[in-house]
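All of the numbers you see were taken from the coordinates with simple rules; none came from a lab. Everything numeric in this text was worked out from a predicted model, so none of it was measured. A quick note on method: Cβ atoms are made from the backbone with ideal geometry, for glycine too, and the neighbour counts reach across all protein chains shown.
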Number of protein chains: 2
Amino acid sequence: MPRPKTIDRAAILGAALDVADADGVAAVSMHAVARRLAVTPMALYRHVANKADLLDGIVELLMAEIVQDVPAPGPAAGRDAWLDALVRTAGRARAVASRHPEAFTLLLSRPAASAAAREVRAHIHDLLRQAGVGGDHVERLERIVTTTVLGMAAGQASQRFAHHPPDMLDEDVRALATFVTAGIEPFRTP
Amino acid sequence: MPRPKTIDRAAILGAALDVADADGVAAVSMHAVARRLAVTPMALYRHVANKADLLDGIVELLMAEIVQDVPAPGPAAGRDAWLDALVRTAGRARAVASRHPEAFTLLLSRPAASAAAREVRAHIHDLLRQAGVGGDHVERLERIVTTTVLGMAAGQASQRFAHHPPDMLDEDVRALATFVTAGIEPFRTP
DNA sequence: ACCTGAACACCGTTCAAGT
DNA sequence: ACCTGAACACCGTTCAAGT
């Protein structure tokens, strides 16, 4: 005779992100997450494969937060709409990083194979193609741009730039945008 | 009556890196490192403050490997010697990443305050100044360039780009160099 | 089908004790 | 000064059992 279900994968991942936000990634454990959900650690194993899967799930959640209502052709749909869209996506990544500074590091250390992650990648591919980047360079450049943007956001959030103000200054943001835009330039063939 | 010293900080950090290389960062523990050194876990606490200090020590070691005999004005000390030197430093980072794929991730998740880390930063500052980057942009750009280069190396090493060949292809390396060089361009005032 | 309970080897860190 | 030993609360995961 079946039991009523008391938790599901989404609840578990949410609780895991809560633990990471509250006490850091190191504090994310099967026991701690189970405690927060008021179940036995073993109850989690029906919904996540193991701890690695749990951490990948956090990445899944962060990616989903970044991609959330992302596309929207943008106000300036003219010449450089792609640049506008790219900057907005980067801004959203920064926002997620500052909401989840502890967890954000995971984005750079684990492969992101979730639907949301593929969606973010596909979105950047689109923007690069709109910018006139040649087909064989699109994926390569997406990796580079994504690494730079996520890496900077994670660096700020995790205090890696220790001597620096913890939030990215306007001038940092402008410099990053200038750098990325100029970096893409040689690959454009309009 | 004093005892002969059987381990020191360097031996501990070396053993920690060995564990990371062999079984992954997650396997680096006070117990595991102590086991490898044939001492009690508590013996480590005389030489490292705690586990966080142990992980920071690994970062210290990786930075030292990157900086090792790095400067050397370079063969082409002419116009764009700085570019040559930058590419060589990036190449060295890649080499370290492929020797220590598991540990390399730590470089992007922890502040690097060691002497070696400061040395790497100072070296990049020099190169950027040689390139004609204005004083108030030097540190900002160093953070961006370092993040991009280390992030790409870490991404390759940790299989973050899962669908991709695990070693950076020549064309990836060329594209990264082109991107960074072009990205710096707007900040130069020669 | 879904959760609990007991169990195991392992972990970070403390304190007191040995040499 | 430097290491050991016992101890504690905690961790990932297995297996068998309950509903």
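I need a count of the residues in the stretch B:1-32 that are out of contact with any His (no Cβ under 8 Å at 6 or more places or on another chain), more than 12 Å from DNA strand D (Cβ to nearest atom), part of a helix (DSSP H, G or I) and not acidic (Asp, Glu). Residues that pass the stated criteria total 9. Residues in the stretch A:172-190 that are at the interface with chain B (Cβ under 7 Å from one of its Cβ atoms) and either free of Cβ contacts under 8 Å to residues at least 40 places away in the same chain or under 17 Å from the mean Cα position of the chain (by Cα) (or both): A:ASP172, A:ALA175, A:THR178, A:PHE179, A:ALA182, A:GLY183, A:GLU185, A:PRO186. Restricting attention to the stretch B:110-132, does a residue exist that is more than 7 Å from chain A (Cβ to nearest Cβ), surrounded by fewer than 17 Cβ atoms within 10 Å (Cβ to Cβ) and within 22 Å of A:ILE184 (Cβ to Cβ)? Yes, that holds for at least one residue.
Being part of a loop (DSSP other than H, G, I, E, B) and within 7 Å of chain B (Cβ to nearest Cβ) is the filter here; which residues of the stretch A:143-171 pass it?
A:SER158, A:GLN159, A:ARG160, A:PHE161, A:ALA162
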